[in-house]
1. Quick check on the range 272-292. Is at least one of its residues more than 30 Å from Ile88 (Cα to Cα) and not basic (Lys, Arg)?
2. Among the residues of the range 18-44, write down those that are more than 23 Å from Arg281 (Cα to Cα) and of a type in the set (Gly, Ala, Ser).
3. Need the failing condition index for His76 against (1) more than 18 Å from Pro286 (Cα to Cα); (2) touching a Phe, Trp or Tyr at 6+ places or on another chain (Cβ under 9 Å); (3) not β-branched (Val, Ile, Thr), just the number.
4. Which ones in the range 55-99 are within 16 Å of the chain's Cα centre (by Cα) and of a type in the set (D, E, K, R)?
5. May I ask you to list the residues in the range 32-73 that are part of a loop (DSSP other than H, G, I, E, B) and either under 23 Å from Val100 (Cβ atoms) or touching a helix residue (DSSP H, G or I) at 6+ places or on another chain (Cβ under 6 Å) (or both)?
6. Need a quick list: helices (runs of 4 or more DSSP H) entirely within the range 74-166 having at least 1 residues that are surrounded by 18 or more Cβ atoms within 10 Å (Cβ to Cβ) and in the same structural domain as His241 (by TED's automatic domain parsing).
7. Could you check the range 266-296 and list, in sequence order, the residues that are among the β-branched types (Val, Ile, Thr) and either over 18 Å from Met164 (Cα atoms) or not in a helix (DSSP H, G or I) (or both)?
Amino acid sequence: MTRPLRAGVVGVGYLGAFHAEKYASLSDVDLVAVVDVDAARAQAIAARCDTVAATDYRTLFGRVECVSLAVPTPLHFALAQEFLGHGIDVLVEKPLTASVADGRALVEAAERGGRILQVGHLERFNPAIRALAGVVTQPRFIECHRLAPFTERGTDVDVILDLMIHDLDVILSFVRSDVQSVEAVGVPVLSESADIANARLRFANGCIANITASRVALKRERKIRIFQTDTYVSVDYGEKHVRVCRRLTDQGNATIDVEEHALGDSDALFDEIEHFVHAVRTRQRPLVDGRTALRALEVAEMIRSNLETA
């Protein structure tokens with residue numbers, strides 16, 4: 001039998017705790033340790049996952065082959081670079097880094113060292129998005145709404161890097177064209193940076209995407225609508241529901257065919273981590289590698305640089 005893959009998790013707050021649980025549930029993975037600057041939190045998650053706790057991430061060097069980094073965005077670059085430099089494959093939470101320059105340097109470091117660098121753009125593992133493979137081919141207009149109530153978590157960056165980055169990655173996976181122009185507006189409400197933002201992207205191939213993200217909404221909403229010739233697609237991420245409307249022509253008569261897909265329960269984070277483990281074992285490029293995530297970060301930076309704030 002293949003020996004267990006030795007893994008670690010750095011940062012076991014809200015999301016990192018789930019990372020630890022997923023690794024611990026995999027029979028072919030040995031969760032060597034969890035690390036957090038909060039010793040009590042590290043101990044609590046370690047006990048839950050039957051592993052050991054640490055407060056210094058450097059104790060993982062030489063002990064693990066791969067690691068999840070679920071630390072605040074400003075720390076992504078420095079920590080990921082250190083782990084890559086020690087020959088350790090990295091799954092870093094989105095966004096890749098806080099700046100394009102750091103993101104580019106990190107991608108180059110991973111490529112030079114022959115290391116796996118995966119980025120946690122979780123919606124790619126949402127069954128609602130997976131169901132669109134082969135359906136969305138040449139989108140002409142895309143509209144996204146991603147709304148969430150306010151929490152302190154994630155406010156180390158603005159709403160563009162906190163929430164909108166998810167939709168940018170999904171849109172760029174559908175639209176294989178460069179962004180030609182950007183119009184954007186943002187409003188800081190409960191933090192020092194934009195908490196609600198809208199961006200209108202025009203791509204070189206003529207496609208337009210209109211994206212709204214808010215972290216000061218009264219309720220959660222994660223939806224995307226996609227229009228292309230003869231086809232309209234509506235996706236509700238939260239409900240895991242997809243509606244596909246197609247125009248059919250029979251002997252000159254046009255009708256609308258509607259497909260409803262209820263996709264049921266799934267665990268996107270488990271699938272993402274299992275995908276990372278497979279990439280580490282096989283050395284295959286992950287679905288959202290560093291260069292893919294860098295493209296989303298580049299568009300995010302374009303939006304931020306064009307942002308008009310109230």
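1. Checking the range 272-292: not a single residue is more than 30 Å from Ile88 (Cα to Cα) and not basic (Lys, Arg).
2. Ala39, Ala40, Ala42, Ala44 - these are the residues of the range 18-44 that are more than 23 Å from Arg281 (Cα to Cα) and of a type in the set (Gly, Ala, Ser).
3. Against the list (1) more than 18 Å from Pro286 (Cα to Cα); (2) touching a Phe, Trp or Tyr at 6+ places or on another chain (Cβ under 9 Å); (3) not β-branched (Val, Ile, Thr), His76 comes up short only on (2).
4. Glu93, Lys94
5. Filtering the range 32-73 for residues part of a loop (DSSP other than H, G, I, E, B) gives 36-38, 50-51, 55-56, 61-65, 70-72.
Within the range 32-73, Asp36, Thr55, Ala70, Val71, Pro72 qualify.
6. 127-130
7. Ile273, Val277, Val280, Thr282, Val288
Here is a yes/no grid of residues against (1) touching a Gly at 6+ places or on another chain (Cβ under 6 Å); (2) under 30 Å from Arg243 (Cα atoms); (3) not small (Gly, Ala, Ser):
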site	(1), (2), (3)
Gly113	no, no, no
Gly120	no, yes, no
Phe125	no, yes, yes
Ala133	no, yes, no
Cys144	no, yes, yes
Ala194	yes, no, no
Arg200	no, yes, yes
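The values are calculated or read from the model by the stated rules, or taken from the named source; none is laboratory data. Keep in mind it's a predicted model, so treat the numbers as computed, not measured. Every residue, glycine among them, receives a Cβ derived from its backbone with ideal geometry; neighbour counts consider all protein chains shown.
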